Amino acid sequence: MMSRSDIDVLCLWENTVDTIDDHYVLPIPFKEKPLCLPINRAMAWQRLNHLKSRLVKNPELHTRYTEGIADLLRRGYAEEVIPSQLVRDNGKLWYLPHHPVLNVNKPDKLRIVFDCAAKFKGMSLNSAVMQGPDLTNKLLNVLIRYRQERIALNADIEQMFHQVRVKPDDCDVLRFLWWKEGDLDTTPIELRMTVHLFGGVWSSSVANFALRRCASDFASDYASHVANIVHRNFYVDDLLKSVSTVEEATSTAIKLQEMLLQGGFNLTKWISNSREVLESIPQSQWNKNIKGMDLSKDPFPVERMLGVRWS
């Protein structure tokens with residue numbers, strides 16, 4: 001059963017959802033209105049100086065971090081705050097500290113994480129926002145359905161949270177400090193995120209809401225089972241679906257990808273235990289671990305990757 005706050009969040013999103021450039025735009029569900037956050041720029045500045053010390057000691061990390069921020073700007077996930085918007089006195093302003101996270105299993109990948117739980121005067125951004133309902137499918141149910149048929153389909157949504165945009169009036173609670181073009185000898189400038197981000201207590205809920213809304217909005221353009229896959233065969237951003245024939249798998253992959261793109265969600269990193277299905281998908285969309293495999297000589301490489309065998 002949903003809590004009162006969960007129902008309030010759903011009502012907020014249902015009544016305010018919008019689209020821009022084929023992406024859903026949704027507000028951050030604040031607990032109180034009007035919002036009254038303390039100005040925490042000093043805390044963000046202090047954390048930035050700690051980051052600077054780390055970057056000075058590690059030039060490679062500095063280069064990769066600079067490239068990461070530049071990529072956020074290039075993709076439109078972040079933007080520079082223009083001078084006329086620098087000052088806000090309505091209590092709707094917050095600065096997010098940020099730091100790098102490295103994965104030992106993916107040494108070539110750096111994730112820039114915004115600390116929505118960072119506290120200032122007893123408050124954090126997460127503490128000022130409602131979490132929203134849990135719209136994630138139960139993993140066990142997804143896995144059971146995944147093993148029902150002979151042909152497996154796996155894919156994931158590229159940067160799922162970042163495909164859902166924030167209402168423009170909410171973006172100033174997602175400000176952060178950085179050096180223009182990564183030049184540590186300059187005075188930091190103010191940027192702000194324009195999309196929902198990893199680390200926000202509400203982000204999983206809003207991303208799942210937008211994904212399901214996409215399936216509902218475009219369901220009538222496709223066979224009924226295509227939209228149903230979104231509701232039953234995703235675990236957060238991961239697709240885990242099985243079907244009985246190669247023809248059905250090929251059609252499903254094409255139609256599902258086409259439908260989700262209308263909401264800004266790009267399905268990529270495809271895997272299947274059928275080489276015919278994979279060959280119907282552009283290699284640029286394959287999981288990178290199978291791009292170099294010769295499927296004509298090795299018919300079951302994906303089954304070994306997944307650690308399972310479909311009969």
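The values are calculated or read from the model by the stated rules, or taken from the named source; none is laboratory data. The shown structure was predicted, so the numbers you read here are calculated from the model rather than taken from an experiment. Neighbour counts are summed over all protein chains in view; Cβ atoms, including those assigned to glycine, are modelled from backbone coordinates with ideal geometry. The area values use the complete protein model at the heavy-atom level, side chains included, leaving out ligands, DNA and RNA. Shrake-Rupley method; radii C 1.70, N 1.55, O 1.52, S 1.80 Å.
May I ask you to list the residues in region 11-39 that are at pLDDT 95 or above, in contact with a Phe, Trp or Tyr (Cβ under 8 Å, 6 or more places away or on another chain) and either assigned to a helix (DSSP H, G or I) or surrounded by 14 or more Cβ atoms within 10 Å (Cβ to Cβ) (or both)? Result: Trp13, Val17, Leu26, Pro27, Ile28, Pro29.
Among the listed residues Asp8, Asp71, which satisfies the condition of being surrounded by 13 or more Cβ atoms within 10 Å (Cβ to Cβ), out of contact with any Lys or Arg (no Cβ under 9 Å at 6 or more places or on another chain) and over 21 Å from Met123 (Cα atoms)? Show your work before the answer.
Working: Asp71 fails: surrounded by 13 or more Cβ atoms within 10 Å (Cβ to Cβ).
That would be Asp8, the only listed residue that is surrounded by 13 or more Cβ atoms within 10 Å (Cβ to Cβ), out of contact with any Lys or Arg (no Cβ under 9 Å at 6 or more places or on another chain) and over 21 Å from Met123 (Cα atoms).
Each residue in region 39-62 was checked for being touching a residue at least 40 places away in the same chain (Cβ under 8 Å) and of a type in the set (Ser, Thr, Tyr), and 0 of them qualify.
State whether the residues of region 31-38 include one that is touching a residue at least 24 places away in the same chain (Cβ under 8 Å), out of contact with any Gly (no Cβ under 9 Å at 6 or more places or on another chain) and over 22 Å from His162 (Cβ atoms). Yes, region 31-38 has at least one match.
On the basis of being at pLDDT below 95, in a strand (DSSP E or B) and not acidic (Asp, Glu), does Lys297 make the cut? Criteria not met by Lys297. Scanning for something hydroxyl-bearing (Ser, Thr, Tyr) and in contact with a strand residue (DSSP E or B) (Cβ under 7 Å, 6 or more places away or on another chain), does region 77-85 turn up at least one residue? Taking every residue of region 77-85 in turn, at least one turns out to be hydroxyl-bearing (Ser, Thr, Tyr) and in contact with a strand residue (DSSP E or B) (Cβ under 7 Å, 6 or more places away or on another chain). On the stretch given as region 217-243, residues that are touching an Asp or Glu at 6+ places or on another chain (Cβ under 7 Å) and open to solvent by less than 50 Å² (accessible area, probe 1.4 Å) total 4.
Show the residue pairs meeting these rules: Cβ distance below 9 Å; 6+ apart or different chains; first residue within region 92-112 and basic (Lys, Arg); second residue open to solvent by 90 Å² or more (accessible area, probe 1.4 Å) and in a strand (DSSP E or B). From residues that are basic (Lys, Arg), the pairs are Lys109/Leu102; Arg111/Leu102.
Restricted to region 78-91, and to residues that are more than 11 Å from Phe114 (Cβ to Cβ) and at pLDDT 90 or above, which residue is surrounded by the most Cβ atoms within 10 Å (Cβ to Cβ)?
Val81
Pairs are defined by a Cβ separation below 8 Å, a sequence spacing of at least 6 or placement on different chains, a first member in region 233-256 that is in contact (Cβ under 8 Å) with a residue 40 or more places away in the chain, and a second member that is among the acidic types (Asp, Glu); the pairs so defined are Asp237/Asp156; Asp238/Asp156; Leu239/Asp156; Ser242/Glu149; Val243/Glu149; Ser244/Glu149; Val246/Glu276. Would you confirm, using the coordinates I've provided, whether Leu48 is at pLDDT 95 or above, in contact with a strand residue (DSSP E or B) (Cβ under 8 Å, 6 or more places away or on another chain) and surrounded by 13 or more Cβ atoms within 10 Å (Cβ to Cβ)? Here the answer is yes, as Leu48 does meet what is asked.
Pick from region 113-136 the residues that are in a helix (DSSP H, G or I) and in contact (Cβ under 8 Å) with a residue 24 or more places away in the chain: which of them is least open to solvent (accessible area, probe 1.4 Å)?
In this case the residue turns out to be Ala128.
Among the residues of region 205-244, those identified as in a helix (DSSP H, G or I) and of a type in the set (Gly, Ala, Ser) are Ser205, Ala207, Ala210, Ala215, Ser216, Ala219, Ser220, Ser224, Ala227.
Here is the figure for region 192-235: residues that are hydrophobic (A, V, I, L, M, F, W, C), touching a helix residue (DSSP H, G or I) at 6+ places or on another chain (Cβ under 7 Å) and over 28 Å from Ile254 (Cβ atoms) total 4. Of everything listed in (1) under 26 Å from the mean Cα position of the chain (by Cα); (2) under 16 Å from Asp169 (Cα atoms), the single unmet condition for Lys109 is (2).
Only one of these is assigned to a loop (DSSP other than H, G, I, E, B), closer than 27 Å to Ser274 by Cα and open to solvent by 60 Å² or more (accessible area, probe 1.4 Å): Glu247, Glu149. Name it. Criteria check complete, one pass: Glu149.
Which of the residues that make up region 152-204 are outside any loop (DSSP other than H, G, I, E, B), open to solvent by 10 Å² or more (accessible area, probe 1.4 Å) and of a type in the set (S, T, N, Q)? Passing the criteria: Asn154, Gln163, Ser204.
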